[in-house]
Amino acid sequence: MRGKRIAILEARLGEQLAELVAARGGVPVHAPALAEVPDLDAGAIGELVRSLEARPAALAVFQTGVGTRALFNATDGLGLTPKFLALLAKSTVVARGPKPTAALRSRGVRIDRHAAEPFTTREVLAAIGELPLGRSRVIVQRYGTANAELDQALAARGAEVVEIPTYRWSLPADTKPLAELIGALERREIDAVVFTNAEQARNLFLVSRELKKEQALRAALNATLVASIGPVASAALREAQVKVGVEASPPKLGALMSVLEAALR
């Protein structure tokens, strides 16, 4: 990566990713494309926990570590965590990946099924398998956006799906770094762009549309090495008609840095 300019769109782990790039001799260009905004209604969560006493959930799906921790912080504040844990003990609990797994284990939750790598909705549905869900209640801890694919698949099997929002994704308050990145990409001043979330791609193009530079951004990305953390981010990029140069496997930062470094070499 020596001397290569690497654009980083990650927000929460942006500094860590920049350090990984710099340690390999690259020049990180940090332009956060995503903000996590709290979207947790404690009153609604309290009502949900109380309703689960009357009608327990047959299945509980936890999709992110951040959201799982936020949910339990809310039940802590309401004094409902022991009750919620007791209710989860009666459900089949599915964890989407290592982060929700760690968050659940920290609370002593029994995890019945784990989604396999690369932890997409397809693997979540495979983990659920043929569990009978007709007329059953299913709770899904939402990540930044509603998982329409998962919700529709569960509803098609007769389940009543209740999503629990904990945070939502939005544009960062300051989009100037993204506008500057689009300009740098147009001028071919960036050697690679790293996408660690599907919403980063959508937000980058949202800013480009506001600048009336959508086609210019697409052409610039297709003339640049695009590195994706995994299949979900890659699908969003392909939907935007952007060619994915390299994709990490497994979908982790270390693997991402390795394939990026090899491609740049």
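Laboratory data are not the source of any read-out in this text; all were calculated from the coordinates shown. Computed from a prediction, not measured in an experiment: that's the story for all the values here. A quick note on method: Cβ atoms are made from the backbone with ideal geometry, for glycine too, and the neighbour counts reach across all protein chains shown.
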I'd like to know how the stretch 38-169 sits against the 2.2 N^0.38 Å rule of thumb: what's its Cα Rg over that expected value? 0.95
Most mobile of 254, 65, 79 in a GNM of the chain (Cα contacts under 10 Å): 79
Please give the length that would be gained between residue 162 and residue 89 if that part of the chain were fully extended, namely 0.36 nm times their separation in residues minus their C-alpha to C-alpha distance (nm, one decimal). 24.5 nm
Quick one: if you stick a label point 7 Å off each Cα along the C-beta vector at residue 54 and residue 249, how many nm between them? 5.0 nm
One would report the antiparallel percent of DSSP beta bridges in the stretch 38-169, rounded to the nearest 5, as 5 percent
So what's the back-of-envelope 222 nm ellipticity for the chain, counting only DSSP H runs of four-plus at -39500 (n - 2.57) apiece and dividing by all residues, rounded to 500? -13500 deg cm²/dmol
If each part is reduced to its alpha-carbon centroid, the stretch 218-265 and the stretch 52-112 end up apart, in Å, by 33 Å
One finds, for residue 148 and residue 210 with R0 = 25 angstrom and r their Cβ-Cβ distance, a FRET efficiency to the nearest 0.05 of 0.50
Counting only C-alpha contacts under 8 Å and six or more residues apart, can you give the relative contact order of the stretch 38-169 as a whole percent? 30 percent
So, relative contact order of the chain in percent, Cα under 8 Å, 6 or more apart, is 21 percent
By DSSP, what percent of the beta bridges with both residues in the chain are antiparallel, rounded to the nearest 5? 10 percent
Mean-square fluctuation check for the chain, GNM, Cα pairs under 10 Å: which of 208, 51, 228 is largest? 51
